[in-house]
Amino acid sequence: MADLKEFSENIVQNLERVIVGKSQALELVVIGLLCQGHLLIEDVPGVGKTMLARSLAKSLDCAFNRIQFTPDMLPSDVTGVSIFNQQKQKFEFRAGPIIGQIILADEVNRATPKTQAALLEAMEEKQVTVDGVTHALPKPFMVLATQNPIEYEGTFPLPEAQLDRFLLRIRMGYPSASEEMKVLGSQQLKHPIEALKAVVKSKELLSAIEAVRKIHVSTAVQKYIVDLVGKTRQNNDVYLGASPRGSLALFRAGQARAAIHGRDHVLPDDVKALAVSVLGHRLIVSPAARLRELSSDRIVQEILASIPVPGGDYQSLDAKAKGKS
């Protein structure tokens, strides 16, 4: 696990050359990367959402494409289109920007629902289908979507089916005064991203992704995850709770967090640290709770406080049980 910890630290340290004072957000980005999950970066303008995505792409030896979503975009602008070649007398596929490895979907909520739906197959099945022909996406594949939660005019809220496909929702937040001073100083002559170099090769990333899958998750921790997600479906303040995809996302994210902290097993603390980021955007708050200005994040925090943390040896308890059988 020391290799995975060092691998993650190299990426975070490289990102910190551009993104100042956001170590928690950067850790979530690396967790998403190791899980091969997609990220929804949601915050007000000017706090570094797009710059975070660009910095991650430059830190990896991966193909990077940017999609600037607008209301007049068509699904074919995302997935690609088949064009008839008169010389060869056949149709040829012209790949859209979604066919890449690290994809920045900038201001994704400005596109119409029809165009947003073009992302669904790519995000879940790692493929796109155009004119009945399926095209596999390269590995690794990751979508980083940004949206402004304040400005609603001219936007189309993401449907629940699409929100559920994002592994994590990340919020950047404003920097402190000292961090903002550091930002001003670092960009006096040129932007730090111009000097950013790749620190990880694609093969190393794919190996790390495979290694994370082997992180041990004890039966007690798995039950803790299931109980937590189950409570979201029974809460009176929640109209629609998290799906089994939410349970699996918390399971995978817990494995990645354990790995980057140098452990070969997941602790309940990993689950608690990730619960809001993994589950918050998957819940639909009831109208009554919305009137009380109760957010989905707050509901997840209350559920966490209500469920007792399991005890036991999370590293070897299951192994001993298997040995006895």
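The values are calculated or read from the model by the stated rules, or taken from the named source; none is laboratory data. Since we're looking at a predicted model, the values are computed, not measured. Heads up, the Cβs are rebuilt from the backbone with ideal geometry, glycines too, and the neighbour counts pull from every protein chain shown.
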Quick one: would you say S207 is in the same structural domain as H38 (by TED's automatic domain parsing) and of a type in the set (S, T, N, Q)? yes
Is it the case that V300 is loosely packed, with under 15 Cβ neighbours inside 10 Å, of a type in the set (V, I, T) and not in a loop (DSSP other than H, G, I, E, B)? no
Selection within region 200-214 - more than 16 Å from I102 (Cα to Cα) and either hydrophobic (A, V, I, L, M, F, W, C) or surrounded by 15 or more Cβ atoms within 10 Å (Cβ to Cβ) (or both): A208, A211, V212
Of all residues in region 249-296, which are assigned to a loop (DSSP other than H, G, I, E, B) and among the polar types (S, T, N, Q)? S286, S295
Can we say L40 is modelled with pLDDT of 90 or more, aliphatic (A, V, I, L, M) and in contact with a His (Cβ under 7 Å, 6 or more places away or on another chain)? yes
Of A195, A220, which residue is assigned by TED's automatic domain parsing to the domain that holds M51 and out of contact with any Ser or Thr (no Cβ under 8 Å at 6 or more places or on another chain)? A195
Only residues that are in contact (Cβ under 8 Å) with a residue 12 or more places away in the chain and over 23 Å from A249 (Cβ atoms): list them for region 130-145, please. V130, D131, V133, H135
Give me the strands (runs of 3 or more DSSP E) completely within region 43-127, filtered to those with at least 3 residues that are crowded, with 22+ Cβ neighbours inside 10 Å, within 16 Å of the chain's Cα centre (by Cα) and assigned by TED's automatic domain parsing to the domain that holds M142, ordered by residue number. 102-106
Tally of residues being touching a Gly at 6+ places or on another chain (Cβ under 8 Å) and surrounded by 15 or more Cβ atoms within 10 Å (Cβ to Cβ) across region 171-199: 2
Output for region 15-42, where each listed residue is surrounded by fewer than 20 Cβ atoms within 10 Å (Cβ to Cβ) and under 9 Å from the mean Cα position of the chain (by Cα): Q36
With respect to T134, determine if the residue is assigned to a strand (DSSP E or B) and either loosely packed, with under 13 Cβ neighbours inside 10 Å or not assigned by TED's automatic domain parsing to the domain that holds M51 (or both). yes
Look at Q116 and say whether it is of a type in the set (S, T, N, Q) and touching a residue at least 12 places away in the same chain (Cβ under 8 Å). yes
Considering only region 171-190, I want to know if a residue exists there that is in contact (Cβ under 8 Å) with a residue 12 or more places away in the chain, under 23 Å from L119 (Cα atoms), within 17 Å of the chain's Cα centre (by Cα) and assigned to a loop (DSSP other than H, G, I, E, B). yes
Across (1) out of contact with any strand residue (DSSP E or B) (no Cβ under 7 Å at 6 or more places or on another chain); (2) buried (at least 22 other Cβ atoms within 10 Å of the Cβ), F251 clears everything bar (2)
Screening D297, D237 for residues that are without any contact (Cβ under 8 Å) to a residue 24 or more places away in the chain, within 20 Å of L163 (Cα to Cα) and touching a helix residue (DSSP H, G or I) at 6+ places or on another chain (Cβ under 8 Å) leaves only D297
